[in-house]
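Enquirer: There's a structure below that I have some questions on.
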Amino acid sequence: MSERQELIINRLREEGTKTVEFFRSISENDFQQQVYTTGPQWDARNLLAHFVSAERTFAFYGRDILNGGEGAPEDFVIDEFNETQVGRMKTASAADLIEQFEEARVSTIHLLESMSDADLDRVGRHPWFGKVPLGNMIKLIYRHTMIHQRDIKKAIETKQPVPHVDGLISLPKGHYSCHHVKTPSANASPTITNLQSRFSKASHPNNGRSPRHQNKTHRGRRKMSLPISPTPKAAS
């Protein structure tokens, strides 16, 4: 295993442990605290579900890239996709979601352990940043949870939701951009394919972007909003 892999794995483990400890430390009332002033008005429990689903989806697209695929499709309406998939987890308890997050993070680490150092340089499509190296895409997994977790903590401490602009993150150095990409492969999972069709530009009345999805820029960077898992089940 290369030094690059070890560094990323260590961060995934460390940040994953911090996330689990954080959610185990907060009260039931804290889980009901609205976190953001805009968007779907998720509470802390909703964001934990978002962590679970986003982690699984990144692992799914990571495997797709390793198998020669291109990663996420270009035409996701990500906000709508996120809201729908988090809604599918509305009956899961906080304890169950914490366990699912632990399993999803272990699955991500196993994926990285199965890769070669050269695999980190494979380029695939991230749903917000376009074409990026797989190594950078994996780094965004723990950076994503770090940013949201910071906002959850602030909302709980102040008993007030925070502006979603606080959730902006920057792309790791060495990223690529891509404005012309192909449509999803016919080899994609049937469940993923169905969701891609449902949440594609062709099925959306606003050119594939919800009003809240548009103009999400800050100094040339897009706000981080990750896709959600193809299924609500725990990752194997």
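Enquirer: Glu157 is checked against (1) surrounded by fewer than 21 Cβ atoms within 10 Å (Cβ to Cβ); (2) assigned to a helix (DSSP H, G or I); (3) under 14 Å from the mean Cα position of the chain (by Cα) and fails just one. What number does that condition carry?
Expert: (3)
Enquirer: Continuing with this model, one more query. Does Val106 satisfy the criteria of being at pLDDT 95 or above and aliphatic (A, V, I, L, M)? Break it down stepwise before answering.
Expert: Working: at pLDDT 95 or above: yes; aliphatic (A, V, I, L, M): yes.
Yes.
Enquirer: As an exercise: evaluate Ser2 against (1) in contact with a Pro (Cβ under 8 Å, 6 or more places away or on another chain); (2) in contact (Cβ under 8 Å) with a residue 60 or more places away in the chain; (3) polar (S, T, N, Q) and give the number of the one condition it does not meet.
Expert: It fails just one condition, (1).
Residue by residue, here is whether (1) buried (at least 22 other Cβ atoms within 10 Å of the Cβ); (2) closer than 24 Å to Lys153 by Cβ; (3) modelled with pLDDT of 95 or more holds:
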position	(1), (2), (3)
Met1	no, no, no
Ile26	no, yes, yes
Gln32	no, yes, yes
Ala49	yes, yes, yes
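Enquirer: Lys18 fails exactly one of the following numbered conditions: (1) under 15 Å from the mean Cα position of the chain (by Cα); (2) in a helix (DSSP H, G or I). What is the number of that condition?
Expert: The failed condition is (1).
Enquirer: Could you list, in sequence order, the residues of region 116-145 that are at pLDDT 90 or above and closer than 18 Å to Asn82 by Cβ?
Expert: Met137, Leu140, Ile141, Arg143, His144, Thr145
Enquirer: Here is a further query. Does Arg24 meet the test of being of a type in the set (Lys, Arg) and more than 24 Å from His126 (Cα to Cα)? Before you say what the answer is, go through the steps one by one.
Expert: Numbers: of a type in the set (Lys, Arg): yes; more than 24 Å from His126 (Cα to Cα): yes.
Yes; evaluated as a whole, the condition is true for this residue.
Enquirer: Determine whether Leu171 is at pLDDT below 95 and outside any helix (DSSP H, G or I).
Expert: Values: at pLDDT below 95: yes; outside any helix (DSSP H, G or I): yes.
In short, yes.
The values are calculated or read from the model by the stated rules, or taken from the named source; none is laboratory data. Keep in mind that what you see is a predicted model, and the values were worked out from it rather than measured. Every residue, glycine as well, gets a Cβ built from its backbone with ideal geometry; the counts of neighbours run over all protein chains shown.
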